[in-house]
Each structure stands twice: as structure tokens, then as C-alpha cells.
1. Looking at (1) touching a strand residue (DSSP E or B) at 6+ places or on another chain (Cβ under 7 Å); (2) farther than 30 Å from GLN166 by Cα; (3) β-branched (Val, Ile, Thr), which is the only condition VAL53 fails?
2. Just to check your reading of the model, which residue among LYS35, LYS43 is among the charged types (D, E, K, R), closer than 26 Å to GLU85 by Cα and surrounded by 10 or more Cβ atoms within 10 Å (Cβ to Cβ)?
3. Does ALA90 fit the bill of being without any contact (Cβ under 8 Å) to a residue 24 or more places away in the chain and in contact with a strand residue (DSSP E or B) (Cβ under 6 Å, 6 or more places away or on another chain)?
4. Checking MET49 against (1) at pLDDT below 90; (2) farther than 16 Å from ASP172 by Cα, only one condition comes out false. Which one?
5. Any idea which residue in segment 92-126 is surrounded by the most Cβ atoms within 10 Å (Cβ to Cβ), counting only those that are at pLDDT below 90 and among the hydroxyl-bearing types (Ser, Thr, Tyr)?
6. GLN84: touching a strand residue (DSSP E or B) at 6+ places or on another chain (Cβ under 9 Å), polar (S, T, N, Q), modelled with pLDDT under 90 and over 27 Å from ILE147 (Cβ atoms), yes or no?
7. For segment 77-91, which residues satisfy the criterion of being exposed (fewer than 10 other Cβ atoms within 10 Å of the Cβ) and within 15 Å of GLN131 (Cβ to Cβ)?
8. With the checklist (1) closer than 17 Å to LEU55 by Cβ; (2) surrounded by fewer than 16 Cβ atoms within 10 Å (Cβ to Cβ) in hand, flag the one item CYS154 doesn't pass.
Amino acid sequence: MDKQRGMILLIVMIFSQIFGLLGLHMLQMNLFTAKQSQAEWHKQEALNMANNVLLTIEKLLPSVCQIKITPVATLRDYPLAWWQERAACADNKGSFHFFYAIEHLGEDPCGSLQETPRLIANYFRITLIGQLGNATVRLQSTIVRPIENKTLKCKETYHIILPARQMQREID
């Protein structure tokens, strides 16, 4: 009888260990999921703030922040130090820190923004790097602004373009 009691005790201890390890594993998985959700929340919050800042920059379009046309991969891979050197093109909105650069992509003499007087399409690309805590976002948009340029002549057919944001994407 003593052998059976010892065997039952051993089996109960083994099952206790197994259930304890399973419980510990579930706690670790819950902690991992919570951390992942928090990181995604911060990323989404940074993305929302970056979008608001990008809209503001598109309205102002400061000429001091213009750079020559640069491939997207190069802009994406520039170190933070490169962006920080351009202090005139950096700001904070609360705890959201951002840097941006503007590229003049050129004019489209056939892109008409209105009928008369004929205003042609002038394209700009804005790249914004934003940081909120550990979350970093990189947004890029292309906008059209109207200009009057009588020296550029259209060699094809005119097409109407709305003077606004033409494209926005996240570059990561």
C-alpha cells in the first residue's frame, strides 16, 4: 500500500509541475501580446501625428527645406544625424519629433489646374520622418501647386489636375 501512495504522490507532483509550466507559459504569452499591442498602438499614434504634420507642411511648403531629387531608398536610409543637421526642417509637436525634406519634382506644362488664366501643375514631394517614443514612421506625399508659367508650352493635350495631395505612402 505504501508503494501506491508514493506512486500517486509522484504522479500528482509531475502533473503539478506540468500545469505550473503551462500556466507560466500562458502568462509569458499574455505579456508578449500586451507588449506587442502597445508597440502597435504607439506606431499608429505616431502615424496619425505624422499625417497631421504632413498636412500642415503641405499647406506651408517652406522653400528653405528643399533638397535635390533623391531616390526614396536613399532618403529612407539616411541616418538620423543627416536629418538632425537640417534644423530648419525639424520640429516637435508635444512628444512627437519630426524631420522633413521637400523635393521639387518639376512642372507639367500640360497639367492645367484651371482653364483661364492657365495655371500649370508644379509638383513637390515631401518626406517626413517622425518619432514618438520608440515608434518611428516615414511618410511621403506628392502634392501639386499651381504656377503661372508662360514660357512652358504644352506639346501634347491638356489635362485637368486637382491642386492637392496626389499620393501618400509609408516608406519602410
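1. The one condition VAL53 does not meet is (2).
2. Numbers: LYS35 fails: closer than 26 Å to GLU85 by Cα.
After applying the criteria, what remains is LYS43.
3. Details: without any contact (Cβ under 8 Å) to a residue 24 or more places away in the chain: yes; in contact with a strand residue (DSSP E or B) (Cβ under 6 Å, 6 or more places away or on another chain): yes.
Yes.
4. Failing condition for MET49: (1).
5. Result: SER112.
6. Details: touching a strand residue (DSSP E or B) at 6+ places or on another chain (Cβ under 9 Å): yes; polar (S, T, N, Q): yes; modelled with pLDDT under 90: yes; over 27 Å from ILE147 (Cβ atoms): yes.
Answer is yes for this residue.
7. PRO79, ALA81
8. Against the list (1) closer than 17 Å to LEU55 by Cβ; (2) surrounded by fewer than 16 Cβ atoms within 10 Å (Cβ to Cβ), CYS154 comes up short only on (1).
The values are calculated or read from the model by the stated rules, or taken from the named source; none is laboratory data. Bear in mind that the values here come from a model prediction, so they are computed numbers and not experimental data. Glycine gets a Cβ as well: all are built from the backbone with ideal geometry, and neighbour counts include every protein chain shown.
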